[in-house]
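Below: one structure, written as structure tokens.
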Amino acid sequence: MGSSLNQKGLLGLVLVFVVLAVLSATGVLVAVNLSSSIPGDIIYPVKGIYENLRLAFNELNYESRAEVFIDLSNTRLNEFEKLVNRRNYSKIPQTLDDMVLMQKMALDNIGRAQNRGNDISEVLRKLALSINKQQSSLRKLYFEVSPEGYGVMDKAIESTQESLNRIGILKGRR
């Protein structure tokens with residue numbers, strides 16, 4: 001009788017380890033797929049949930065929140081570049097709108113941090129580098145989109161320039 005209980009206990013323990021291993025492997029696969037997913041992919045909505053969680057964890061720190069928005073604007077740039085390479089033009093307008101929104105949200109959070117008297121120079125530097133890279137990519141890929149997308153591209157380039165101008169104003173206020 002004691003041996004039967006030991007075998008059941010061992011079997012239960014092995015089962016728990018197998019389930020944990022499968023869940024861990026699944027988690028790793030989902031994380032890898034999330035980072036490379038683009039608008040239109042089945043897993044893409046989960047990426048949005050993850051991004052919202054990142055923002056929620058940084059709710060009370062404006063500099064950290066700005067850095068998350070900088071990361072998200074770079075993520076939207078990467079998605080835009082993949083969409084262009086795959087010639088998936090229908091998802092580009094929303095992706096570019098989201099990229100510009102993330103830039104503006106980063107700027108808003110930097111402004112709030114500055115209003116509290118915090119040193120924002122490093123976050124401003126990161127944002128300026130990020131937006132310059134985004135604007136360069138938009139210009140480089142301008143003629144890679146369909147002609148119907150030129151208006152969207154113009155709007156994104158104009159908005160990124162406005163963000164760069166706003167960074168200059170914030171730098172002047174330091």
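Could you count how many residues in the stretch 112-145 are acidic (Asp, Glu) and either in contact with a Lys or Arg (Cβ under 7 Å, 6 or more places away or on another chain) or not in a helix (DSSP H, G or I) (or both)? Break it down into steps so the answer makes sense when it comes.
Filtering the stretch 112-145 down to residues acidic (Asp, Glu) leaves 119, 122, 144.
When the remaining residues are screened for being either in contact with a Lys or Arg (Cβ under 7 Å, 6 or more places away or on another chain) or not in a helix (DSSP H, G or I) (or both), the result is 119.
So the count comes out to 1.
The single condition among (1) on the phi > 0 side of the Ramachandran plot; (2) outside any loop (DSSP other than H, G, I, E, B); (3) basic (Lys, Arg) that Arg87 does not meet is (2).
Just to be sure I understand, how many residues within the stretch 91-122 are surrounded by fewer than 15 Cβ atoms within 10 Å (Cβ to Cβ), small (Gly, Ala, Ser) and in contact (Cβ under 8 Å) with a residue 12 or more places away in the chain? The qualifying residues number 1. Do we find a residue being part of a helix (DSSP H, G or I), over 30 Å from Glu144 (Cα atoms), modelled with pLDDT under 95 and acidic (Asp, Glu) anywhere in the stretch 49-61? No, the stretch 49-61 contains no residue that is part of a helix (DSSP H, G or I), over 30 Å from Glu144 (Cα atoms), modelled with pLDDT under 95 and acidic (Asp, Glu). Applying the criterion of being out of contact with any helix residue (DSSP H, G or I) (no Cβ under 7 Å at 6 or more places or on another chain) and of a type in the set (Ser, Thr, Tyr) to the residues of the stretch 65-90, the residue that is surrounded by the fewest Cβ atoms within 10 Å (Cβ to Cβ) is Ser90. Every condition in (1) within 21 Å of the chain's Cα centre (by Cα); (2) at pLDDT 95 or above; (3) not polar (S, T, N, Q) is met by Asp154 except one, and the failing one is (1). Might you let me know whether the stretch 140-150 holds any residue that is in contact with an Asp or Glu (Cβ under 9 Å, 6 or more places away or on another chain) and closer than 27 Å to Tyr50 by Cα? So far as the stretch 140-150 goes, no, none of its residues is in contact with an Asp or Glu (Cβ under 9 Å, 6 or more places away or on another chain) and closer than 27 Å to Tyr50 by Cα.
Which of the residues spanning the stretch 129-140 are within 15 Å of Ile167 (Cβ to Cβ) and surrounded by 17 or more Cβ atoms within 10 Å (Cβ to Cβ)? Spell out the reasoning first.
Initial filter on the stretch 129-140 (within 15 Å of Ile167 (Cβ to Cβ)): 129-135.
The answer is Ser130, Ile131, Gln134, Gln135.
The values are calculated or read from the model by the stated rules, or taken from the named source; none is laboratory data. The model shown is predicted, which means the values in this text are computed figures rather than measured ones. Cβ coordinates were reconstructed from backbone atoms using ideal geometry, including for glycine residues, and neighbour counts include every protein chain displayed.
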